[in-house]
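Each remark here refers to the structure printed beneath this line.
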Amino acid sequence: MKKQVEIMSSIDNFWLHMDSPTNLMVITGMLAFDAPLDYARLQETFKNRLLCYDRFKKRVIHPMSGVGNSTWELDPTFDLRSHLQRVALPGPGGKEQLQELISDLTSTPLDPTKPLWQAHYIENYNNGGSVLFVRIHHCIGDGIALIRVLLSMADLEPNAIWSSNMTEIKGKQESVYDFFPPLERVMKRLNRAKKRTQNVGGFISKEIESTLANPAHILNRARLVSKHAFDAVSLISRVLLLPSDKKTVFKGKLGVRKSVAFSDGIPVSDVKLIGKYFNATINDILVSMVTGALRRYLQQCNNLVGDLDIRVAMPINVRPLEAEIKLGNQFSLILVSLPVHIDDPVLRIREVQRRLNDLKGAPDAAIAYVLLNVLGASSAKLANTGAAMLANKTSGVMSNVPGPRVPLFFAGIKISDIMFWVPRMGELGLGISIISYAGKVSLGIATDTKLVKNPNRILENFNNEFRMLLGMYRAGQIEKDPLVINDRFRDKETAPITKEETKTGTIQSIRCKAITRSGGQCHNRAATDSLYCTLHQSKYESFADMEIDAKEPDTDQKLSAV
């Protein structure tokens, strides 16, 4: 029987190269349920709704020469039982035990002799519930594609027909090589790198429009970039000229062990209320809240934050969300600087919004997409060198994926929660993932255990940031114009900022924002991790626990992409 072989695209090949013992290039995600699943029905769901995509039955074959793209080849010994396994949590089977098990699985490499994915059905979770935890290598597809594939296995109602076969939606057959017309397989491979170097200017002009998908702002920017015909030197120089990210607890030598955590969902409608007040997107508010959470964690670890920015790599989807499901990687990366030095949440929202808006009109995404393709077609050594250079400029990865707005059912059982964790390349030890589902949005944190042992502390800080903003909004005390400029506030009636406080950067040096009965601002200093003094803290922050009597109509729950 003739083998079914498919040449891996260059950008998929890039992510295949990124695997390392201390950072596995594997996307992980979970679906949580309040009841157990029928295991036989779960198996049939995988057979009929996942294995219709041939990619999940194919293993990776590396080129014998070490040069060129790897290939996909059907696994002649494929068996679903090798990929779908059944386990149970030890008692009491709560969130802590689930996070510990997921951390163990996240740190375990996939079997390279088999198709690069695995799923675990986890029983005994949260008083009779269950979890489906899935690991898929990044070379199979990006986060958007894989989340959409998993959710395509779900139904809108519990009694939907579940035994009917589905067919894979196949895109245009890819050529052997993305950048040039097919060449004779053996002799021409050795000349490819040299040809790309000589003709990269012309290649970029042709490649940008042919590879980027429909989003207009990226495509238009790509056309602008193509007019200037950036060469390889200028592309790499843009990254080389960036200074390395400053040393914090998030940067350091990595180990093998990873730790993951996920938050309970917060209402999207509440985040929208805050965003509408500032004329900001949901994404602006969430990124600002994450920035505040990281700031608090750095302060708790006695890291200086006085003038600190933390740079993260943020994936940008270049496929339209309404497009048909197609596996593979169709995203770019942009570098976003998070202003963790800003204490005042209002000023922080404004600054995050300004920085994200600036990136929307920049050519960074188009340039990065082309660069990833170039590195993917190169040797593994060169690809890893480029990834290491990028990792040195950043401290982590942050991804925001819009999920379904309505509840879904998987194998007949309602999905109660969805979460995923982004992989990190090179020496990056921090992964931040945001996903919305059924009117709520959740945060996931993945860390290297040697750097951040307990990521739940970051989640607690995120929740405190949300409660603080929501409490201020409901109390009518949130101001569009920030009180704190450059992370400091001072007047003759506030307590003086000492030299030691300025030096350590671990004390919040702002005035309480509460309004007194006389109509003036409270003169006390704000308590640590709060915008209020100890007298007013409980009063104002308690507003976050109140229910809103009449919420504004929900016109757009979709998380905004940068």
Item to check | Dipole magnitude of the range 5-152 about its Cα centre (Cβ charges: Lys, Arg +1; Asp, Glu -1), debye to nearest 20 | outcome: 260 debye
Checklist outcome for this item: When Met389, Met472 are ranked with the fewest other C-beta atoms within 10 Å first, the list becomes Met389, Met472
Checklist entry - Among Phe46, Phe250, Phe14, which comes first, second and so on when ranked by fewest other beta-carbon atoms within 10 Å? => result Phe46, Phe250, Phe14
Item to check | Stretch gain in nm, segment Arg41-Cys522, where the contour uses 0.36 nm per residue and the Cα spacing is subtracted | outcome: 167.0 nm
Item to check | Relative packing of peptides 457-466, 136-145 - highest average C-beta neighbours within 10 Å first | outcome: 136-145, 457-466
Checklist entry - When Ser288, Ser395 are ordered from fewest to most other Cβ atoms inside 10 Å of their Cβ, what list results? => result Ser395, Ser288
Checklist entry - Suppose R0 equals 41 Å; then what is the FRET efficiency for Lys393 and Lys276 from their Cβ-Cβ distance, rounded to the nearest 0.05? => result 0.75
Item to check | Prolate/oblate/rounded call for the range 5-152, Cα gyration tensor, a/c under 1.5 rounded | outcome: prolate
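A short reminder: the numbers here are calculations on the coordinates, not readings from a lab. This one's a predicted model, so the numbers in the text were calculated from it and none came from an experiment. In this analysis, Cβ positions are derived from the backbone assuming ideal geometry, glycine residues included, and neighbour counts consider all displayed protein chains.
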